[in-house]
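*Asks:* Pasting in a structure now, in structure tokens, and then I'll have a few things to ask.
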Amino acid sequence: MAAGDSTDNPVRIQPARDGWRWSVIDEGRVAAEGQAPDAHTAERYGAFAAAAVASFGRIGRAY
């Protein structure tokens, strides 16, 4: 299951043993990941992390 977001970084949502896992993919690698108690929360956490990864990428390219 994948969540859509407004950044270029896809978010993967998967069931895990103790809830759900989310991962943000940036340039073919996992840039951020974590756990959440349910799928909806995992989507929210993943979307926030994807936006943060995109923002830090823009900052890094600016300097």
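*Asks:* Using a probe of 1.4 angstrom, how much of the accessible area of the chain is carbon and sulfur, in percent?
*Replies:* Of all accessible area on the chain, carbon and sulfur atoms account for 51 percent.
*Asks:* Another question, if that's okay. Charges on Cβ only, +1 for Lys and Arg, -1 for Asp and Glu, centred on the Cα centroid of the chain; of 22, 36, 63, which one is farthest towards the dipole's positive end?
*Replies:* Sorting the options by dipole projection puts first 63.
*Asks:* Using the alpha carbons of the chain, what is the convex hull volume per residue in cubic angstrom, as a whole number?
*Replies:* Values: hull volume 4.4 nm³, N = 63.
Enclosed volume per residue, from the Cα hull, is 69 Å³.
*Asks:* At a 1.4 Å probe radius, which order do 43, 27, 33 fall into by accessible area, largest first?
*Replies:* Highest to lowest solvent-accessible surface, that is 27, 33, 43.
*Asks:* Per residue, how much accessible area does the chain have with a 1.4 Å probe, in Å²?
*Replies:* Accessible area per residue: 69 Å².
The values are calculated or read from the model by the stated rules, or taken from the named source; none is laboratory data. This one's a predicted model, so the numbers in the text were calculated from it and none came from an experiment. No Cβ is skipped: glycine too gets one built from the backbone with ideal geometry, and neighbour counts run over all protein chains shown. Heavy atoms of the whole protein, side chains included, go into the accessibility calculation; ligands, DNA and RNA do not. Shrake-Rupley method; radii C 1.70, N 1.55, O 1.52, S 1.80 Å.
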